[in-house]
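Working notes, beginning with the structure itself.
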Amino acid sequence: MILSAALAERIVVEASQVMEEDIVVINKDAEIIAATVPSRIGDYHPPSSMVITDGRKRVISSEEAELYEKVRAGIVLPLKFQEKTIGVIGITGTESKVGAYALLLQRLTELIIEQVYAAETTSAKWRALEGMLHELFHTKEWSEDTRNRAALLGLQLGEKYSLVIIEAKENLERDVPYPDFLQDALLSKWGARQFILLIPEIEASFLEGFLERMSNYFHQHGAAVDKIGVSNITHDLPRAYEEAEAALTYSIQHPVYFQDLSLELIIKDLSETTKRKLLKDVKAFRDPELLATFREFAENQLSVKETAKALHIHVNTLHYRLKKLEQLSGYSCKNVNHLSLLLISSKILDDHTKNDFIISNY
């Protein structure tokens with residue numbers, strides 16, 4: 001870990017918020033690289049070279065300070081990271097006045113350094129895995145070198161995984177810490193607000209609980225999850241990515257599994273011309289009440305009793321609405337072919353709502 005000028009400046013700014021004394025941050029060359037008095041930046045600080053050498057606190061008396069040019073009385077302390085001295089923090093004043101603050105300042109500074117290192121490590125891990133996935137998704141055959149590099153990141157090519165795309169509601173302002181509970185699963189950033197999760201082959205019941213835990217984790221770190229798309233379990237990662245993308249399209253705040261998609265996949269392959277024609281043929285769905293009624297009817301497996309109960313209406317009211325739908329569209333819910341067209345049309349409208357699919361002249 002290198003004590004950079006930018007990190008030193010952050011330390012001075014944060015420390016200045018809790019104490020009024022002058023503060024300096026000094027690198028391993030005993031050069032002041034940040035200070036509450038900017039004119040001191042770049043000055044050589046001889047007593048700090050001794051602290052860097054022996055790793056011990058040093059009190060600079062007024063008499064000693066006069067022996068050096070541009071050195072003030074105060075206390076200088078080593079800044080340690082992973083048991084190595086990487087710099088020095090100094091506070092101006094007599095030991096009786098600032099001695100109580102010196103150790104607090106040292107610990108505060110070391111905590112900031114640890115936080116920055118953790119953030120940099122997380123960011124590096126995100127970038128490495130994201131770069132690898134870009135390569136894997138766009139390559140049909142993987143070389144031995146690619147397999148070795150993937151293995152270093154914990155990804156065993158040829159093994160079966162569920163690929164999950166997790167999408168946050170908004171772009172992330174800061175990195176989410178890499179979860180420490182993933183075990184053999186892998187997580188990668190993917191663009192401004194998406195993540196890709198690779199989970200080794202596990203039972204569906206465990207997968208469900210794992211995804212719930214991941215959603216809670218993201219929420220705790222300021223990344224509210226909006227959509228989750230889950231692929232089938234496969235060793236074919238490019239295919240898994242396509243499946244997860246397709247499932248993500250139909251997700252709103254809960255996971256959607258590719259294996260559960262059927263009608264949605266048919267609709268996905270329809271041309272816009274075909275979609276527009278279907279919607280023109282079912283203009284009855286322009287009535288929000290009829291559309292909501294039909295959706296509930298389909299959701300309840302065409303059960304009049306259960307649909308009426310779900311909508312909190314009388315059975316006769318439901319019969320009236322279904323009759324009105326038939327009159328306006330020419331399609332009967334009792335006819336299998338008609339019912340299929342009504343289902344497809346309602347799903348196209350779902351697609352329009354979720355993905356801003358623009359259907360002109362509807």
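Bear in mind that the values in this text are calculations on the coordinates, not laboratory data. Computed from a predicted structure; not experimentally measured. Note that we place each Cβ from the backbone using ideal geometry, even for glycine, and neighbour counts take in every protein chain shown.
Work out, in µm²/s and without decimals, the Stokes-Einstein translational diffusion coefficient of region 82-141 at 25 °C, 0.890 mPa s, Rh from Kirkwood over C-alpha pairs. Don't skip to the answer; put the middle values down first.
On the way: Rh = 15.1 Å.
Taking Rh from Cα pairs, D becomes 163 µm²/s.
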Work out the length of the dipole vector of the chain about its Cα centre, built from +1 on the beta-carbon of each Lys and Arg and -1 on the beta-carbon of each Asp and Glu, and round it to the nearest 20 debye.
-> 1460 debye
Dipole of the chain, positive end: most advanced residue of Phe297, Val116, Ala151 [Cβ charges, Cα centre] = Phe297
For region 158-261: relative contact order, % (alpha-carbon pairs under 8 angstrom, 6 or more apart) | 35 percent
At q = 0.13, 0.16, 0.21, 0.26 Å⁻¹, work out log10 I(q)/I(0) for region 228-289 with the Debye formula, treating every Cα as an identical point scatterer and leaving solvent out; two decimals please.
-> -0.47, -0.64, -0.86, -1.01
Spelling it out for Asp43: with amide H atoms placed in the peptide plane at 1.01 Å from N, the residues 5 or more places away or on another chain with amide H under 5 Å from its amide H are Ile32
Treat each spin label as a single point 7 Å out from the Cα along the C-beta direction, and report the His254 to Ala292 distance in nm.
-> 1.9 nm
Can you work out ³J(HN,Hα) from phi for every residue in region 18-34, in order, using Karplus 6.51 cos²θ - 1.76 cosθ + 1.60 and θ = phi - 60°, giving whole Hz and x for Gly and Pro?
-> 10, 8, 9, 5, 6, 10, 10, 10, 10, 7, 6, 8, 6, 9, 6, 10, 7
Rounding to the nearest 20 debye, state how big the charge dipole of region 271-354 is about its Cα centre with +1 on each Lys and Arg Cβ and -1 on each Asp and Glu Cβ.
-> 180 debye
Once both axes come from the Cα atoms, what is the angle between helix 315-329 and the longest principal axis of the chain, in degrees from 0 to 90, rounded to 10?
-> 80 degrees
P(r) of the chain over all Cα-Cα pairs, 20 Å bins starting at 0, rounded to whole percent, reads 23, 32, 26, 14, 4, 0
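Using r as the Cβ-Cβ distance of Glu135 and Lys283, and R0 as 45 Å, what FRET efficiency do you calculate, to the nearest 0.05? Working shown, then result.
On the way: r = 49 Å, r/R0 = 1.08.
Calculated value: 0.40.
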In Å, what is the Rg of the alpha-carbon atoms in region 5-119, and how long is Dmax?
-> 12.8, 42
Amide H of Lys227: which non-local residues (sequence gap of 5 or more, or other chain) have their own amide H closer than 5 Å, using H built in the peptide plane?
-> Glu167, Gln253
Once the Cβ-Cβ distance between Tyr44 and Gln156 is put in as r, and R0 is 56 Å, what FRET efficiency do you end up with, to the nearest 0.05?
-> 0.60
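Let me know the Kirkwood hydrodynamic radius for region 181-338, please, with Cα pairs as the basis and the value in Å to one decimal.
On the way: mean 1/r = 0.0533 Å⁻¹.
When all Cα pairs of region 181-338 are included, the Kirkwood radius is 18.8 Å.
How big, on average over all directions, is the shadow cast by the Cα convex hull of region 271-354, in nm²? Mind dumping the intermediate values first?
Numbers: hull surface 21.1 nm².
Convex hull of Cα atoms, orientation-averaged projection: 5.3 nm².
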Karplus (6.51, -1.76, 1.60) ³J(HN,Hα), θ = phi - 60°, over region 227-244, in Hz, Gly and Pro reported as x = 9, 9, x, 10, 7, 6, 6, 7, 8, 8, 5, x, 5, 4, 5, 4, 5, 5
Region 162-184 and region 77-155: distance between their alpha carbon centers, rounded to Å | 19 Å
Karplus 3J(HN,Hα) series, Hz, for region 188-198 with 6.51 cos²θ - 1.76 cosθ + 1.60 (x for Gly, Pro) | 9, 5, 8, x, 6, 9, 10, 10, 10, 10, 10
Pseudo-spin-label distance Glu64 to Thr274, built 7 Å along Cα→Cβ, given in nm, is 8.3 nm
Rg (one decimal) and Dmax (whole number) from the Cα set of region 158-261, in Å, equal 12.5, 35
Run down the aspartates and glutamates and flag those whose C-alpha is under 16 Å from the C-alpha of Lys324, throwing out any fewer than 8 positions away in its chain.
-> Asp281, Asp287, Glu289, Glu296
